[in-house]
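The values are calculated or read from the model by the stated rules, or taken from the named source; none is laboratory data. The structure displayed is predicted, hence computed values, not measured ones. FYI the Cβ positions are ideal-geometry reconstructions off the backbone, even for glycines, and counts take in every protein chain you see. With ligands, DNA and RNA removed, areas are computed over all heavy atoms of the protein, side chains included. Shrake-Rupley method; radii C 1.70, N 1.55, O 1.52, S 1.80 Å.
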Amino acid sequence: MNKKQIAIFDKTFELFISSAEINDIVIELAQKINALKYSNVVFVSVLNGSFMFTSDLCKRIECNPEIQFIKVASYSGVHSQGKVQELIGLKKDLQGKHVFIIEDIIDSGNTIETLYETLKAHYPSSISVVTLLFKPSAYEALVPIEFVGKNIQNDFVVGYGMDYNELGRELPEIYKIVN
Ligand code: 5GP
Ligand code: MG
């Protein structure tokens, strides 16, 4: 691994964020969450893309979170479809709890907006959004993104859980599309 360039289907991707850098980002995010010293914490991890990030982040979290996994999808290929499909797998016992939505990447904000509203209806004490990557120039929603690992430009990326047509999720580093 750690190749300079990779090909997936018809696209070429170049190395963008090394696993060492991802590790540093994860440590920093965990420290910020730990500093809150919350109890009654629920992590809501958004599958599929967040599986690797959630796994690495959780290992460094000290507040004994419940960890739930949900599934939504707004992406097919390399462009956001701009609509969010139904939310699968949410357990409803969020009342009085500090909810952290764990995302791999936030682009238009369609997904996070729907999720935020849905979770809010379950009366949690608070909802915070944690995302490994954020594309500020693509973001159109109003939900505050409190914990951002790294801001990136509006480029399509794969690896570390994120796919291109379901491939590339296993890569330990993140690659960006070569235009
Ligand atoms: P949004 O609803 O914010 O437009 O997109 C959110 C979801 O689309 C993310 O959780 C992620 O699964 C997917 N997504 C957004 N940007 C990218 C990207 O650059 N690469 C990949 N692989 N998925 C992305
Ligand atoms: Mg995602």
Viscosity 0.692 mPa s, temperature 37 °C, Stokes-Einstein D of the range 81-179 from Kirkwood C-alpha radius, µm²/s:
224 µm²/s
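So between Gln95 and Asn165, what do we pick up on full extension, going 0.36 nm a residue minus the alpha carbon distance?
Between Gln95 and Asn165, full extension yields 21.6 nm more.
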Please name which of Ile152, Gln31, Leu132 has its Cα lying farthest along the dipole of the chain towards the positive end, using unit charges on Cβ (Lys, Arg +1; Asp, Glu -1) and the Cα centre as origin.
Gln31
Residues of type lysines that Lys97 reaches as a straight line, Cα spacing below 25 Å, ignoring anything fewer than 8 places off in the same chain
Lys32, Lys37, Lys59, Lys71, Lys120
Would you tell me the accessible area of Glu170, worked out with a 1.4 angstrom probe on the heavy atoms of the protein chains, in Å² to the nearest 10?
120 Å²
Once the other residues with Cβ under 10 Å from the Cβ of His122 are scored (Lys, Arg +1; Asp, Glu -1), what is the net sum?
+3
Restricting to the range 82-179, what percent of DSSP beta bridges are antiparallel, rounded to 5?
25 percent
Rg(Cα) of the chain divided by 2.2 N^0.38 Å?
1.00
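Taking the Cβ of Lys135 as the center, what net charge do the other residues with Cβ under 13 Å away carry, scoring Lys and Arg +1 and Asp and Glu -1?
Details: positive: Lys150, Lys176; negative: Glu103, Asp104, Asp107, Glu140, Asp155.
Neighbourhood net charge equals -3.
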Length-normalised contact order of the chain, Cα under 8 Å, at least 6 apart, in percent, tallies to 26 percent
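Per residue, how many Å² of accessible area does the range 111-179 show with a 1.4 Å probe? Walk me through the numbers before you get to the answer.
Numbers: 3110 Å² over 69 residues.
Here the residues of the range 111-179 average 45 Å² of exposed surface.
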22 Å Cα-Cα threshold exceeded, pairs from Lys91/Lys135; Lys4/Lys150; Lys3/Lys176
Lys91/Lys135
Just to be sure I understand the model, the point goes 7 Å from the Cα along the line to the Cβ. What's the resulting Ser125 to Asp10 distance in nm?
5.1 nm
In the chain, what % of DSSP beta bridges are antiparallel (nearest 5)?
40 percent
Any idea what Rg and Dmax come out to for the range 1-71 if you just take the C-alpha atoms, in Å?
15.3, 47
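Mean residue ellipticity at 222 nm from the helices of the chain, using -39,500 (n - 2.57) per DSSP H segment of n ≥ 4 over the full residue count, to the nearest 500 deg cm²/dmol?
Working: 3 runs with 36 residues, N = 179.
It comes out at -6000 deg cm²/dmol, rounded to the nearest 500.
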